[in-house]
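In what follows, a structure is listed as structure tokens, so that the remarks can point back to it.
The values are calculated or read from the model by the stated rules, or taken from the named source; none is laboratory data. The structure presented is a predicted model; accordingly, all values stated were derived computationally and were not measured. Glycine gets a Cβ as well: all are built from the backbone with ideal geometry, and neighbour counts include every protein chain shown.
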Amino acid sequence: MLVMKFGGSSVGDAKCFAQVVQIVQEAYAKDREIVVVVSAMSGVTNKLIACAQAAARGEHETYQRIKAELLSRHLETVAALELDPKIRLDVCSLIEDRLYDLERWCRSVAILRELTPRGLDLISSLGERLSVAMLAGALSTAGLKSQPVEATSLVVTDDNFGEATPLMDETQARVQATLVPMLRRGCIPVVTGFMGATKEGVITTLGRGGSDYTAAILGAVLKADEIQIWTDVDGILTADPRIVPEAQTLPEVTFREAAELSYFGAKVLHPKTVMPAAELGIPLRIVNTFNHKHPGTLLVHTLSSANSAAKAVTQIKDLSLITVEGRGMLGVPGIAARTFAAVARRGVNVLMISQSSSEQNICFVVPAARSQTVLASLRQELELEIARRNVERISSVDDVAIMAVIGSGMCHTPGMAGRIFTALGAEGINILAVAQGSSDCNLSVVISRQDADNATRAIHRDVLMPVRSE
Ligand code: ADP
Ligand code: ASP
Ligand code: MG
């Protein structure tokens, strides 16, 4: 049994759909139990979000224009897919109906001038609901038995809209009841990625890029033989090829390394994808839809060959570095706990923490969009310490990036940090903070956002490539 997930870049136009059909056909010839998970066509989720936001500002013309663009893009793609005439009629009317719904939802948002997280999930998950109908139609036209499935009836989640967590037991029961009988009949379910629903049936989403996670959830509950993430690059590379064109495929990556890589910005995999597969030891492979003979990257527990110390470099931009400092913090218990409690109360995610050994400062990184909220919350929490001068300054440096160098052998290899710092120093890049993951497999530095691409290229050229050939 195979779970094959095709991302937005794999279903960007009719030609891409045809490529996907060919890949599924080939897989079906070998393994008759296949679940397909599919994302919205590339760029569609962004447009849906823009549509909802325009509606919230009361911009009727903007959301109507975006809706019209989405309608013509999908209908043009369907026309080019040359579906069986009966299927084509059904798919076209589904697209028209769903986009009519979009317009109605946006009108309601515009009247209320309020976009709730729940409303945003309803709107932003619409693209997946269109692409499953298109792909299932294309597979059926190609002679495979196939059926679109909306994950609202399958992936049960909590109601944390925008970043919902799956409830695995409930999901397992639904999958057993609906997907398994389809698989037994030799039918290929084409499931919407990214979305789920609460027990009550209210639509939720799993976070941006969440279709990878859908594939992992289904792979785990079905105990699949392999989960395949089909995308537009030859697997996990040593760096983002858009920044480092000479980046190379890593044939094997440990689950842990992959988790670190995706956490620190490698968009090729949604960070939560790794866990369900790792727990059950299900092989997870990242492969290229447009170069499907390439073996891509396999995620494993233990590497088959000797591990190179540093494997890949990633970055996350649009962050802020928050610093809490004061000589009076020395030895005062509880300041760190209260600092992070104050951040957590505002629901802000902390990406990296570093504390100087003299205990005179704590610094940590948060998304730039939340830095003002964090500062306000800290000033309120530490009001007394500020008045007593135990805390002298709470400040933020905006426009920073984290660059992380990842590899399981890294922290056991003497001199790695030195090589990284030397490479950055040679480029004249200033390091604002450093953290070495206790997980032993990453070293991350905070640098100015404008240095991020240069730093990534320098590390790739001066550290990763030489280490690979050692
Ligand atoms: P999909 O539409 O298939 O979900 P994504 O755009 O979400 O694809 O992810 C694939 C992209 O991730 C690649 O095109 C690449 O630019 C980016 N990426 C970032 N870091 C890496 C990396 N280390 N290895 C491979 N791809 C990466
Ligand atoms: N379509 C969703 C997004 O763009 C989910 C995904 O592509 O994985 O975030
Ligand atoms: Mg993706």
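Applying the criterion of at least 2 residues that are out of contact with any His (no Cβ under 8 Å at 6 or more places or on another chain) and of a type in the set (Lys, Arg) to the helices (runs of 4 or more DSSP H) found wholly in segment 245-359 leaves 335-345. With the requirement that a residue be among the small types (Gly, Ala, Ser), in contact with a Ser or Thr (Cβ under 8 Å, 6 or more places away or on another chain) and not in a helix (DSSP H, G or I), what does segment 141-196 give you? Those that are among the small types (Gly, Ala, Ser), in contact with a Ser or Thr (Cβ under 8 Å, 6 or more places away or on another chain) and not in a helix (DSSP H, G or I): SER146, GLY162, ALA164, GLY193, GLY196.
Residues satisfying the criterion are absent from segment 46-61 (criterion: within 24 Å of GLY143 (Cβ to Cβ) and surrounded by 15 or more Cβ atoms within 10 Å (Cβ to Cβ)). In segment 327-341, the residues that are free of Cβ contacts under 8 Å to residues at least 12 places away in the same chain form no Cβ pair under 6 Å with any partner that is surrounded by 14 or more Cβ atoms within 10 Å (Cβ to Cβ) and hydrophobic (A, V, I, L, M, F, W, C), whether six or more places apart or across chains. Taking the criterion of being farther than 22 Å from ASN361 by Cβ and touching a Ser or Thr at 6+ places or on another chain (Cβ under 8 Å), the residues of segment 427-455 that qualify are ASP440, CYS441. Report, by residue number, each residue of segment 5-17 that is surrounded by 24 or more Cβ atoms within 10 Å (Cβ to Cβ) and either away from ligand 2 (no atom under 14 Å from the Cβ) or under 15 Å from VAL268 (Cα atoms) (or both). Once the filter is applied, which keeps residues that are surrounded by 24 or more Cβ atoms within 10 Å (Cβ to Cβ) and either away from ligand 2 (no atom under 14 Å from the Cβ) or under 15 Å from VAL268 (Cα atoms) (or both), segment 5-17 yields LYS5, PHE6, GLY7, GLY8, SER10, PHE17. Whether a residue is more than 10 Å from ligand 1 (Cβ to nearest atom), within 16 Å of LYS5 (Cβ to Cβ) and either among the basic types (Lys, Arg) or surrounded by 21 or more Cβ atoms within 10 Å (Cβ to Cβ) (or both) was assessed, and VAL221 passes this test.
The number of residues in segment 207-243 being over 15 Å from THR273 (Cα atoms), within 12 Å of ligand 3 (Cβ to nearest atom) and of a type in the set (Val, Ile, Thr) comes to 1. Within this structure, THR205 passes the test of being of a type outside the set (Phe, Trp, Tyr), more than 13 Å from ligand 1 (Cβ to nearest atom), buried (at least 22 other Cβ atoms within 10 Å of the Cβ) and within 30 Å of ILE353 (Cβ to Cβ). Pairing each residue of segment 355-384 that is at positive phi with any residue that is hydrophobic (A, V, I, L, M, F, W, C) and modelled with pLDDT under 90, provided the two are 6+ apart or on different chains, yields C-beta distances under 9 Å for GLU359/MET329; GLU359/LEU330; GLU359/VAL332; GLU359/ILE335; GLU359/ALA336.
Taking first residues from segment 54-69 that are on the phi < 0 side of the Ramachandran plot and without any contact (Cβ under 8 Å) to a residue 24 or more places away in the chain and partners that are crowded, with 19+ Cβ neighbours inside 10 Å and among the small types (Gly, Ala, Ser), the Cβ contacts under 6 Å between residues at least 6 apart in sequence or on separate chains come to THR62/ALA54.
For (1) farther than 27 Å from VAL91 by Cα; (2) in contact with a strand residue (DSSP E or B) (Cβ under 7 Å, 6 or more places away or on another chain); (3) in contact (Cβ under 8 Å) with a residue 40 or more places away in the chain, each residue gets a yes or a no:
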residue: ASP159; (1), (2), (3): yes, yes, yes
residue: MET182; (1), (2), (3): no, yes, no
residue: GLY186; (1), (2), (3): no, no, yes
residue: PRO189; (1), (2), (3): no, yes, yes
residue: THR198; (1), (2), (3): no, yes, yes
residue: GLY210; (1), (2), (3): no, no, yes
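Somewhere in segment 93-116, is a residue part of a loop (DSSP other than H, G, I, E, B), closer than 15 Å to GLY201 by Cα and not aromatic (Phe, Trp, Tyr)?
Just the residues of segment 93-116 that are part of a loop (DSSP other than H, G, I, E, B), to begin with: 113-116.
Keeping just the survivors that are closer than 15 Å to GLY201 by Cα gives none.
Taking every residue of segment 93-116 in turn, none turns out to be part of a loop (DSSP other than H, G, I, E, B), closer than 15 Å to GLY201 by Cα and not aromatic (Phe, Trp, Tyr).
Of everything listed in (1) polar (S, T, N, Q); (2) surrounded by fewer than 16 Cβ atoms within 10 Å (Cβ to Cβ); (3) farther than 30 Å from GLY186 by Cα, the single unmet condition for SER93 is (3).
So that you can scan it fast, the table gives a plain yes or no per residue for (1) within 11 Å of ligand 1 (Cβ to nearest atom); (2) in a helix (DSSP H, G or I); (3) touching a Cys at 6+ places or on another chain (Cβ under 9 Å):
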{"position": "LYS5", "(1), (2), (3)": "yes, no, no"}
{"position": "SER9", "(1), (2), (3)": "yes, yes, yes"}
{"position": "PHE17", "(1), (2), (3)": "no, yes, no"}
{"position": "GLN22", "(1), (2), (3)": "no, yes, no"}
{"position": "ALA27", "(1), (2), (3)": "no, yes, no"}
{"position": "ARG32", "(1), (2), (3)": "no, no, no"}
{"position": "ALA40", "(1), (2), (3)": "yes, no, no"}
{"position": "LEU48", "(1), (2), (3)": "no, yes, no"}
{"position": "CYS51", "(1), (2), (3)": "no, yes, yes"}
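Scanning segment 79-86 turns up no residue that is surrounded by fewer than 16 Cβ atoms within 10 Å (Cβ to Cβ), among the acidic types (Asp, Glu), more than 16 Å from ligand 1 (Cβ to nearest atom) and in a helix (DSSP H, G or I).
The rows are residues; the columns are (1) closer than 21 Å to LEU2 by Cβ; (2) out of contact with any Phe, Trp or Tyr (no Cβ under 6 Å at 6 or more places or on another chain); (3) at pLDDT 95 or above; (4) buried (at least 16 other Cβ atoms within 10 Å of the Cβ).
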{"site": "ASP158", "(1), (2), (3), (4)": "no, yes, yes, no"}
{"site": "GLY162", "(1), (2), (3), (4)": "no, yes, yes, no"}
{"site": "THR165", "(1), (2), (3), (4)": "no, yes, yes, no"}
{"site": "ASP169", "(1), (2), (3), (4)": "no, yes, yes, no"}
{"site": "PRO181", "(1), (2), (3), (4)": "yes, yes, yes, no"}
{"site": "THR192", "(1), (2), (3), (4)": "yes, yes, yes, yes"}
{"site": "MET195", "(1), (2), (3), (4)": "no, yes, yes, yes"}
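All conditions in (1) within 30 Å of ASP462 (Cα to Cα); (2) modelled with pLDDT of 90 or more hold for GLN355, with the sole exception of (2).
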